[in-house]
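Encoded as structure tokens, the structure appears first; notes follow it.
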Amino acid sequence: MALILPCYYLDEPLNEEELHFVRQTLVGPWARFKTGAAGLEQKRVPAVLPVPGAHGVYAKSREQRAECLRANLRHAGIRAYNGRQVVWVMPRDTEWDAIFQFAIREETGYAPYVAQRWFPQDEALVRGSVRVVDTQMLISAL
């Protein structure tokens, strides 16, 4: 049975052009030796994010917030990928991106491939062409 690489997103899925690029990067013929994937499937992570000032939720550390969000990832089926890397589509909010990346690593044992499309420019975040970052490789290089 061919492995389908899950591509989790929080606020907005990859559009067709971005999906094509990520698929070519992680599922294309030359990439299969690394991922072993034969396809890519987008999966929305259901999330009920706390509102600023709601009972001191933002006073918690990133790790504590990640622990609270792990149930959302489990609901999206991440446990089926324990021991394997998954794809995470970076949301616009970089704080939540970092928290979800930590939670994904806690759930799977690996840091995700990140589909990044938000980039800092002149003290603001702007949307650009998607790129794929192997965050597990970055962590391993440390």
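The values are calculated or read from the model by the stated rules, or taken from the named source; none is laboratory data. Just so it is clear, the structure is predicted and the values come from calculations on it, not from any experiment. Here the Cβ positions follow ideal geometry from the backbone for every residue, glycine too, while neighbour counts run over all protein chains shown. For accessibility, only protein heavy atoms count, side chains too; no ligands or nucleic acids. Shrake-Rupley method; radii C 1.70, N 1.55, O 1.52, S 1.80 Å.
Per-atom-type breakdown for the chain gives carbon and sulfur 54% of the accessible area (1.4 Å probe, protein chains only).
Rounded, prolate or oblate: which fits the range 95-142, taking a ≥ b ≥ c as square roots of the Cα gyration tensor eigenvalues, rounded meaning a/c under 1.5, else prolate when a/b beats b/c? Don't skip to the end; give the middle numbers.
Values: a/c = 2.30, a/b = 1.80, b/c = 1.28.
Taking the square roots of the gyration eigenvalues as a ≥ b ≥ c, the range 95-142 is prolate.
Put a dot 7 Å past the Cα of GLN24, heading toward its Cβ, do the same for ALA141, and the two dots end up 2.3 nm apart. Against the compact-protein benchmark of 2.2 N^0.38 Å, the Cα-based radius of gyration of the chain scales to 1.05. Can you work out the PRE-style zone for ALA31? Point 7 Å along Cα to Cβ, and I want the residues of the range 78-122 with backbone N under 16 Å. Under cut-off, by backbone N: 85-90, 112-117. Solvent-accessible area per residue for the chain at a 1.4 Å probe radius, Å²? Solvent-accessible surface per residue comes out at 57 Å².
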